[in-house]
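Derivation of every value follows stated rules applied to the coordinates shown; laboratory data play no part. All figures in this text were calculated on a predicted structure; none of them were measured in a lab. Please note: Cβ atoms are built from the backbone with ideal geometry, for glycine as well, and neighbour counts cover all protein chains shown.
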Amino acid sequence: MPATHFEQFLAEAVVPDKEPGLGLGRDELYGLYTSWCLLQKAELQQPAALWEAMHEAGINPDSNNLSMTGPAAADYIISSAPDLV
């Protein structure tokens, strides 16, 4: 069975962090998701759909231990803080 849009995002753009409690907040998660969609040329879904998909995957968007990874992470960081480049 092919991965869903959100499953693919979670598989490609986030990883569990070794430090529990230092995870990504909703703004960071949605920003990362936005970057991932742009890079994948995928249709951006509303935040509520992302939160629902995360809950279905057993991830609490308000309390998690996720870190960014991959090209979407680089795009999000550069887009969020262009003065750092």
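Loop-located GluC sites (Glu not before Pro) in the range 43-72 (DSSP state other than H, G, I, E, B) with a sparse environment of at most 12 neighbouring Cβ atoms within 10 Å: Glu43. A simple spin-label model places pseudo-atoms 7 Å from Cα toward Cβ; at Ile78 and Asp62 they are separated by 3.5 nm.
Count Lys and Arg as plus one, Asp and Glu as minus one, and take only other residues whose Cβ is under 14 Å from that of Ala42; the net charge is then -3. For the chain, averaging the sequence separation of C-alpha pairs within contact (under 8 Å, six or more residues apart) and dividing by the residue count gives a relative contact order of 46 percent. Remark: the range 43-55, residue by residue, has Karplus-estimated 3J(HN,Hα) of 6, 5, 9, 5, x, 4, 5, 5, 4, 4, 5, 5, 4 Hz, where x stands for each Gly or Pro and the curve is 6.51 cos²θ - 1.76 cosθ + 1.60 at θ = phi - 60°. Charges were assigned to the Cβ only: +1 to each Lys and Arg, -1 to each Asp and Glu. The resulting dipole of the range 5-79 about its Cα centre is roughly 120 debye. With K and R counted +1 and D and E -1, the other residues having a Cβ less than 14 Å from that of Trp51 yield a net charge of -4. Put simply, the amide H of Ser67, placed in the peptide plane, has neighbours under 5 Å in Val15, Asp17, leaving out anything fewer than 5 places away on its chain.
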